[in-house]
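Quick one: this structure, given as structure tokens, is what I'll be asking you about.
The values are calculated or read from the model by the stated rules, or taken from the named source; none is laboratory data. Please read these numbers as outputs of a predicted model, since none were measured by experiment. Counting neighbours? That spans all protein chains shown, and the Cβs are built from the backbone with ideal geometry, glycine included. The area values use the complete protein model at the heavy-atom level, side chains included, leaving out ligands, DNA and RNA. Shrake-Rupley method; radii C 1.70, N 1.55, O 1.52, S 1.80 Å.
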Amino acid sequence: MSFDERGGAPVLRPSTTTEGRSPASRNGRKDPAQGAPARGRRRINGATLLLGAVVPALLLTIWLFASEATAIPDYLLPSPAQVVGAGVELANQGLLGTYILISLQRVLTGFAIGASIGLALGALVGLSGLADRMLAPTLGAIRAVPSLAWLPLLTVFLGIFETPKITLIAIGAAFPVYTTVSAALRHVDPHLVEAGRAFGLGRLALLTTVQLPAVVPSVISGLRLALAQAWLFLVAAELLASSMGLGFLLTDSANNGRTDRIFLAILLLAILGKTSDALVGLGERALLKRWS
Amino acid sequence: MTSIAPAPTQTTPALPVSLNGVGRAFPGAPGEPERLVLRDVELKIAPGEIVALLGPSGCGKSTLLRQISGLDRPTAGSLTIDGTRIAAADQRCAVAFQEPRLLPWRTVARNIELGLPRGTDRAAGRARVAELLDLVQLTHAADLKPRQISGGMAQRVSLARALARNPGVLLLDEPFGALDALTRLTMQDLLVDIHRAEPATIVLVTHDVDEALALADRIVLLGTRFDRPGATISRILEVPGKRPRDRASTVLARLRAQLLDALGVPSHHDR
Ligand SMILES: Nc1ncnc2c1ncn2[C@@H]1O[C@H](COP(=O)(O)OP(=O)(O)OP(=O)(O)O)[C@@H](O)[C@H]1O
Ligand SMILES: [Mg+2]
């Protein structure tokens, strides 16, 4: 298993948000192409949805074929029907909804806490040279610790209840936000900041009028990365120390040889992760329309 | 109610500017000596005067403007506005930068709003912005974002934003550089009109000799002597005549030839 805690974080300038906005081109003469919607912000229409569904449909067909028409035994590769059946069975026991809800609750709580902390730290380090020199090395070192290393410690310190899991998820969610926001604040176009100063904006007014709006796109992409990290850390926490949730469903099923339930858990994670990301994506569109 | 209540758009009186032996050196790359860009700039600008700064690219015109605005500090000499030292980002000045520097997420109108003096009340501010939009002929673009307008339009927004202050000292860094010839002439006439209505002290950087001749009371040439580093004032020319001036007059033609000579451009002028 490879937990890629740092993988997501350092992506500072996703093409969807900063495309075509280098300081040089920002205010200068623009070529007409820049007026067109940027690549990542294409409209979603029927054709897009249909194209996006091609690969899942293909995979489903292959899966159906492989499970029904080949000699691979069911305990290795259950059929789609069996996986659905496992879902129905769990739902009848009242476990499916509980597991989904508890996992969702953990992800959202941890994400909210972590993102807030990341935002605060990112703003502090990005805006203050002193805070940067004082905090950045420590935070960098904490970020370098693989997520699983925290788990035993958190379990000992905080018991085996909700707190350590939420804390772990918050740690995971905080860093992408911290990294993107602090870097973006440090790189706000100095020309714009100077213009703000020239027109009489003080420190606070400069922050709210120039610096924060300038980093809105980075904040959003940081939040998206943080949400992905939150799901990652959720499963890490539930795999190792939990008696409920989708991660627990994974370990429990592995121990009992219930491959159908493992498939179910993975599918659910994919659907939940993609859905939550899409929801943030909707918010992103609205915000980017306003702030760019 | 007595008649001394301030007018809604209060005009700030034009202020005198004085540059006393101003020099600016930038630290060089590690291991290199510092680089002297400006030295010994000595200039007194009268209230309401229009001074054009002319000089080759990279000689330090923008740097000199930044000293007057208080956005940068000289490494030698001192500057005053109205007899007092210039503060960091001095609020008696308004600047139109060489680049438009508009906030990309704000509409044209909201960008101009940024230039209003702090504490302008909403209604007065809105009226002033509408008036300025009309002045720079951008009423139709009021609700567009900077990425939706052309470079020349952005420059006019930047000019309007600087005018919004009603400043005592107006600093314009190549304000008409990105405009087509016709709009440029219109904008120059506009500046003359504005100056007559609200006579600020104006320091205007330009590369356009004719623009300097049309607008300035004095043209200040910045240049570097071959034998020592740092640009300084190499020549000051008084431009005669009230604005608006006849652009084709023979007096201006003779001055143009002199200026081009001083800038090292052969003027092909019959003497
Ligand atoms: N912050 C800075 N650090 C180091 N050098 C600088 C800085 N700002 C300006 N310079 C140097 O000062 C010199 C003058 O720059 P400035 O922008 O004032 O030129 P300019 O006369 O306005 O040129 P142009 O007509 O091309 O706009 C340049 O050689 C530039 O490299
Ligand atoms: Mg310049």
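Answer rounded, prolate or oblate for region A:77-291, using the Cα gyration tensor with square roots of eigenvalues a ≥ b ≥ c: rounded when a/c is under 1.5, else prolate when a/b is larger than b/c, else oblate. Walk me through the numbers before you get to the answer.
Details: a/c = 3.49, a/b = 2.00, b/c = 1.74.
Prolate is the answer for region A:77-291, as a/c is 1.5 or above and a/b outweighs b/c.
What percentage of all Cα-Cα pairs in the protein assembly as shown are separated by more than 42 Å? Each step should come with its number before you reach the end.
Working: 65151 of 158203 pairs.
Result for the distance tail: 41 percent.
If you take the Cα Rg of chain B and divide it by 2.2 N^0.38 Å, with N the number of residues, what do you get? Mind showing how you got there, number by number?
Values: Rg = 19.2 Å, N = 271, 2.2 N^0.38 = 18.5 Å.
Against the empirical 2.2 N^0.38 Å value, I get 1.04 for chain B.
Taking a probe of 1.4 Å and counting only protein heavy atoms, give the total accessible area buried between chains A and B in Å², rounded to the nearest 100. Present the calculation step by step, with values, prior to reporting the outcome.
Details: alone 16400 and 13750 Å², together 27830 Å².
Buried: approximately 2300 Å² between B and A.
Still on this structure, I have one more. Starting from 0.36 nm per residue, how many nanometres of slack lie between residue B:57 and residue B:85 once their C-alpha separation is accounted for?
Details: separation 28, 0.36 × 28 = 10.08 nm, distance 2.87 nm.
Stretched out fully, the residue B:57 to residue B:85 stretch lengthens by 7.2 nm.
Additional query: Which of the chymotrypsin sites (Phe, Trp or Tyr not before Pro) found in region A:102-166 are loop residues per DSSP with 14 or fewer other Cβ atoms within 10 Å of their Cβ?
On the way: sites: A:111, A:150, A:157, A:161; in loops: A:161.
Loop-located and lightly packed - A:161.
Now a separate question. Taking every pair of distinct Cα atoms and averaging 1/r, then inverting, what Kirkwood hydrodynamic radius in Å comes out for region A:137-181?
Evaluated over region A:137-181, this radius sits at 11.1 Å.
Next up: Label points 7 Å out from Cα along the Cβ direction at residue B:34 and residue B:118: separation in nm?
Placing both labels 7 Å beyond Cα along the Cβ direction yields 3.1 nm.
Tell me the trypsin sites (Lys or Arg not before Pro) within region B:192-250 that lie in a loop according to DSSP and have at most 11 other beta-carbon atoms within 10 Å. Please list the in-between numbers first.
On the way: sites: B:196, B:218, B:225, B:235, B:242, B:245, B:247; in loops: B:225, B:242, B:245, B:247.
Sites meeting the loop and neighbour criteria: B:225, B:242.
Restrict the search to region B:29-68; then list the GluC sites (Glu not before Pro) that DSSP places in a loop and that have at most 12 other Cβ atoms within 10 Å of their Cβ.
Numbers: sites: B:34, B:42, B:49; in loops: B:34, B:49.
Within region B:29-68, the qualifying GluC sites (Glu not before Pro) (loop, at most 12 other Cβ atoms within 10 Å) are B:34.
Quick one: helix B:151-163 against the long Cα principal axis of chain B, what's the angle to the nearest 10°, folded into 0 to 90?
80 degrees
Next question, about the same structure. Please check region A:185-207 for residues whose accessible area, probe 1.4 Å, is lower by 20 Å² or more when all protein chains are in place than in their chain alone.
Residues of region A:185-207 that lose at least 20 Å² of accessible area once the other chains are added: A:191, A:192, A:194, A:195, A:197, A:198, A:199, A:200, A:201.
With θ set to phi - 60°, apply the Karplus curve 6.51 cos²θ - 1.76 cosθ + 1.60 along region B:210-227 and write out the HN-Hα couplings as whole Hz, x wherever there is a Gly or Pro.
Working through the residues one at a time gives 5, 4, 4, 5, 6, 9, 8, 7, 9, 10, 9, 9, 9, x, 10, 7, 4, 9 Hz.
If you put +1 on each Lys and Arg Cβ and -1 on each Asp and Glu Cβ, how big is the dipole of region A:77-291 around its Cα centre, in Debye rounded to 20?
Numbers: 14 positive and 10 negative charges, 96 e Å.
For region A:77-291, the charge dipole is close to 460 debye.
Now, a different point. Place +1 on the Cβ of every Lys and Arg and -1 on the Cβ of every Asp and Glu in region A:77-291, take the dipole about the Cα centre, and give the residue among A:105, A:253, A:205 whose Cα lies farthest towards its positive end.
A:205
Take the Cα atoms of region A:59-107, build their convex hull, and give its volume per residue in Å³. Walk me through the intermediate numbers first.
On the way: hull volume 4.4 nm³, N = 49.
Hull volume over Cα atoms, normalised by residue count, gives 90 Å³.
Based on DSSP, what percent of beta bridges with both residues in the protein assembly as shown are antiparallel, to the nearest 5?
55 percent
Contour minus end-to-end for residue A:187 and residue A:51, with contour as 0.36 nm per residue of separation and end-to-end as the Cα-Cα distance? Walk me through the intermediate numbers first.
Values: separation 136, 0.36 × 136 = 48.96 nm, distance 3.72 nm.
Gain on stretching residue A:187 to residue A:51: 45.2 nm.
Next up: Work out, step by step, the length gained on full extension between residue B:26 and residue B:181: first 0.36 nm times the residue separation, then minus their alpha carbon distance; give nm to one decimal.
On the way: separation 155, 0.36 × 155 = 55.80 nm, distance 3.57 nm.
That works out to 52.2 nm of additional length.
Continuing with the same structure: Given Cα pairs under 8 Å that are at least 6 residues apart, what percent is the relative contact order of region B:93-183?
Numbers: 128 pairs, mean separation 44.1, N = 91.
Averaging sequence separation for qualifying contacts and normalising by length gives 48 percent for region B:93-183.
With all protein chains present, calculate the accessible area of residue B:174 using a 1.4 Å probe and round the result to the nearest 10 Å².
Here the accessible area works out near 40 Å².
Please report the relative contact order for chain B, taking Cα pairs under 8 Å with a sequence separation of at least 6, and give it as a percent rounded to a whole number.
Working: 489 pairs, mean separation 64.9, N = 271.
Relative contact order, chain B: 24 percent.
Determine the shielding of peptide B:96-106 by partner chains: average, over its residues, the number of Cβ atoms on other chains within 10 angstrom of each Cβ.
Details: counts 2, 5, 1, 9, 6, 11, 4, 10, 9, 10, 3.
Taking the mean over all residues of the peptide, I get 6.
Quick one: angle between helix B:181-197 and the longest Cα principal axis of chain B, in degrees between 0 and 90, rounded to 10, please.
Between the helix axis and the principal axis of chain B, the angle is about 70 degrees.
If you average over every viewing direction, what projected area does the convex hull of the Cα atoms of region B:147-271 give, in nm²?
Values: hull surface 38.8 nm².
If you wrap the Cα atoms of region B:147-271 in a convex hull and average its projections, you get 9.7 nm².
I would also like to ask the following. Which of the lysines could a cross-linker bridge to residue B:44, judged by Cα under 22 Å and excluding same-chain residues fewer than eight apart?
B:61, B:242
Among B:117, B:100, B:47, which one moves the most in a GNM of chain B with springs linking Cα atoms closer than 10 Å?
In the Gaussian network model the winner is B:117.
Between residue A:251 and residue B:227, what is the label-point separation in nm under the 7 Å Cα-to-beta-carbon projection?
Distance between label points: 8.5 nm.
Cα axis of helix B:122-135 to longest principal axis of chain B: angle in degrees, 0 to 90, nearest 10?
With both axes taken from Cα atoms, the answer is about 50 degrees.
Leaving out ligands and nucleic acids, and using a 1.4 Å probe, what accessible area per residue does region A:155-267 come to in Å²? List each step's numbers first, then the result.
Working: 4170 Å² over 113 residues.
Value for region A:155-267: 37 Å² per residue.
Give me the percent of accessible area attributable to carbon and sulfur for the protein assembly as shown, probe 1.4 angstrom.
Numbers: 17560 of 27830 Å².
Carbon and sulfur together cover 63 percent of it.
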